[in-house]
Each structure stands twice: as structure tokens, then as C-alpha cells.
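Notes for the one structure printed next.
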Amino acid sequence: MTTQSSEGAAGSLSRALDEAVSRGQVRVPPYPSTALQLQAVLAKDDYGTAELVEAMRTDQVFTGNLLRLANSPMYRRGVDVTSISVAVQRVGARELTRLAMAAAMSQTCWS
């Protein structure tokens, strides 16, 4: 019984959200292209660092944030990272997607 009422509530919420968006009461930010490209690469069974680097090469703000993250105390391993491919290897593919989404949300919230 709880499952049915939960599903009913979720459906009602979904319909209410759809209506609010269609009336322009809620602003839905566009999905960030860098995150979209990264997810497309990560969806493959076999991908390499070069593909991840290529997916984000055009976003200078994102690559700057990636380099900053790779040189942060959490990821730092004694040597400064200046290469995007080394930063990708150090931070990891999954964290790249999280970083892309966080950057997009930050831009949306402050713009």
C-alpha cells in the first residue's frame, strides 16, 4: 500500500512540475555540454584518457577548475599538475562528470 501511494505522490509531483515548467514558473537550466560529452564517453565500455580530454578541451573554465582540483590537497601528490591528461588521470573519470555538473549548477545559480 505504501508503494502505491508513493507512486501516486510521485506522479502528482511530476505532473505539477511539468505544469509549472510549461507555464514558465520554473527555470530549468540547460544540461551542460561538457557534462553531456563526458557522459557519452563514460557510457562506452572502453574509453581512454585522450577521449575524456577531448570531450572537455573546448571548455576553458572547466579545464581550469580541473587543474585546480588536481592540484588541491586532496589529489596533490607532490608535483604540480599542468597537463589536462595528467589531471584527468589523477582526479578520475567519474569525478570529472561531478565537476562538470557542479560547475554548470554554479554558473546557473549565480547568473
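Of 12, 22, which has the most accessible area and how do the rest follow, probe 1.4 Å?
My answer, sorted largest first, is 22, 12.
Could you do me a favour and compute the accessible area per residue for the range 24-93, 1.4 Å probe, result in Å²?
Computed with neighbouring chains in place, this is 63 Å² per residue.
Could you check the spin-label model distance between residue 39 and residue 72? Points 7 Å from the Cα along Cα→Cβ, value in nm.
Result: 2.2 nm between the two label points.
The values are calculated or read from the model by the stated rules, or taken from the named source; none is laboratory data. No experiment lies behind these values; they were computed from the predicted model shown. Note that each Cβ is placed from the backbone with ideal geometry, even for glycine, and that neighbours are counted across all protein chains shown. We work out accessible area using only protein heavy atoms, side chains counted, and drop any ligands, DNA or RNA first. Shrake-Rupley method; radii C 1.70, N 1.55, O 1.52, S 1.80 Å.
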